[in-house]
Amino acid sequence: MERSKINIQNEIETKKFGMRLADSAKAGDVIALIGDLGTGKTTLTKYIAEGLGITETITSPTFNIVKEYRSGRLPLFHFDVYRISDPDEMFEIGYEEYFYGDGVCVVEWADIIEDLLPEDAMIIRISRGAGEEERVYDITDNRGSANVHTGN
């Protein structure tokens with residue numbers, strides 16, 4: 001397990017970070033995003049998707065729980081679990097097939113289903129920084145892969 005904290009100053013740095021995550025992503029990776037409304041969870045997901053070569057427009061899957069994008073080098077399964085009130089809802093959509101499948105999962109509001117996350121998930125807690133666009137990423141990387149999140 002690696003822990004780190006980085007400051008993201010603006011959307012350009014968010015893009016660089018998301019692209020680096022995508023570069024190192026492999027099938028079965030789960031990236032869990034935790035943060036308040038408006039902290040940039042969907043924006044980060046958009047740049048991870050871009051880095052994977054996804055050509056579809058990325059939008060929050062708020063009412064669907066999960067959206068699938070298959071146009072990149074790996075499929076992207078984008079979860080928004082904000083409206084989950086019972087973990088059984090995750091079982092009903094077959095979340096394990098996604099989490100342990102052939103793509104990369106990004107889970108927004110992951111704290112709601114924290115008990116269901118794989119042990120090797122990367123957890124990114126996003127908070128607001130001092131400036132309007134600044135964000136702080138508190139990262140716990142349990143994937144055992146190369147450290148992709150240092151520097152800007």
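None of the figures in this text is laboratory data; all of them are computed from the coordinates on show. Nothing here was measured: the structure is a model prediction, and the numbers come from that model. For neighbour counting, all protein chains shown are included, and Cβ atoms are generated from backbone atoms with ideal geometry for every residue, glycine included.
Numbers below:
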{"item": "Rounded to 10°, Cα long-axis angle of helix 11-24 versus longest principal axis of the chain", "result": "50 degrees"}
{"item": "Peptides ranked, highest mean first, by Cβ atoms within 10 Å: ranges 128-137, 11-20, 71-80", "result": "71-80, 11-20, 128-137"}
{"item": "Of 93, 58, 113, the one that fluctuates the most in a GNM where the chain has Cα springs shorter than 10 Å", "result": "93"}
{"item": "Kirkwood Rh (inverse of mean 1/r, distinct Cα pairs), the range 1-84, angstrom", "result": "13.5 Å"}
{"item": "Potential extension, residue 36-residue 88 segment - 0.36 nm per residue separation minus Cα distance", "result": "16.3 nm"}
{"item": "Rh by Kirkwood over Cα pairs, then Stokes-Einstein D for the chain at 1.002 mPa s and 20 °C, µm²/s", "result": "141 µm²/s"}
